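Written below as structure tokens is the structure these notes are about.
The values are calculated or read from the model by the stated rules, or taken from the named source; none is laboratory data. In this text, all values refer to a predicted model and were calculated from it rather than measured experimentally. Every residue, glycine as well, gets a Cβ built from its backbone with ideal geometry; the counts of neighbours run over all protein chains shown.
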Amino acid sequence: MNRIRVLIADDHDIVRFGIVTVLNASPLIEVVAEVTNGEEALEAYSTLRPDVCMLDISMPGITGIETAIKIRKLYPNAVILILTMHQNEEYLNQALKAGASGYILKQSSIKELVSAIQEVHQGGTVFSDPIAKLMADQYVRHAVSGHDDDGDDAIRLTRREKEITKLIVDGKTSQEIADVLFISPRTVEAHRANLMQKLGLKNTAALVRYAVANGLG
């Protein structure tokens, strides 16, 4: 099986060394480049086209989020994973709008980090537990305030579609969503496909970004 090729951008030498060492020890992952800033990340991505680009937010020059925007503009299918110390709603929302497929905190375990890379490489989205809680709290605030009924796009979703969207944002699998809502996994998949078609979205990451932008996640 081919290893997942990863590019890492982090300006802290000790942190970056630790991440690279841990990931290269996994039989599933190969770190193909390690850089210290956004400009180097752009150049390395263009040359190497890694499977996953892991970006810190706070870097000299352009930030990780600005780097994500530039990479995704040039390479729309690029898979971006944010690895940061910032447990912050504003940064989270910016990262999702920039096209990131995941937002992982640096205090995550080795197992969580490897699993996150696998998940986004397979087209999924992934968030550290504290970040998932931030998203859930954000959803509750919007729901209580009625924000999700203000926009025309959000009104297009049925109550069941909003429930399923929220659970997808929480990182639930189709089976877990089925268990929560007492419906079959096949019904969940049908709702998911309908959501994608209705909103003109191509994947789960795009659905998560839509949900955050419209107060649904």
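Couple of notes before you dig in:
- When the criteria are applied in full, residue 201 fails the requirement of being in contact with a His (Cβ under 8 Å, 6 or more places away or on another chain) and either of a type in the set (Lys, Arg) or modelled with pLDDT under 80 (or both).
- Residues in region 178-217 that are assigned to a helix (DSSP H, G or I) and either hydroxyl-bearing (Ser, Thr, Tyr) or in contact (Cβ under 8 Å) with a residue 40 or more places away in the chain (or both): 187, 198, 199, 204, 205, 207, 208, 209, 210, 211, 212, 213.
- Search result, residues across region 73-97 that are closer than 16 Å to residue 9 by Cβ and either in a loop (DSSP other than H, G, I, E, B) or more than 13 Å from the chain's Cα centre (by Cα) (or both): 74, 75, 78, 79, 85, 86
- Residue in region 42-55 that is over 18 Å from the mean Cα position of the chain (by Cα) and either in a strand (DSSP E or B) or acidic (Asp, Glu) (or both) present: yes
- A single entry from 85, 54 fulfils the requirement of being within 21 Å of residue 171 (Cα to Cα), modelled with pLDDT of 95 or more and hydrophobic (A, V, I, L, M, F, W, C): 54.
- Residue match in region 8-16 (condition: under 29 Å from residue 215 (Cβ atoms) and in contact with a Ser or Thr (Cβ under 6 Å, 6 or more places away or on another chain)): no
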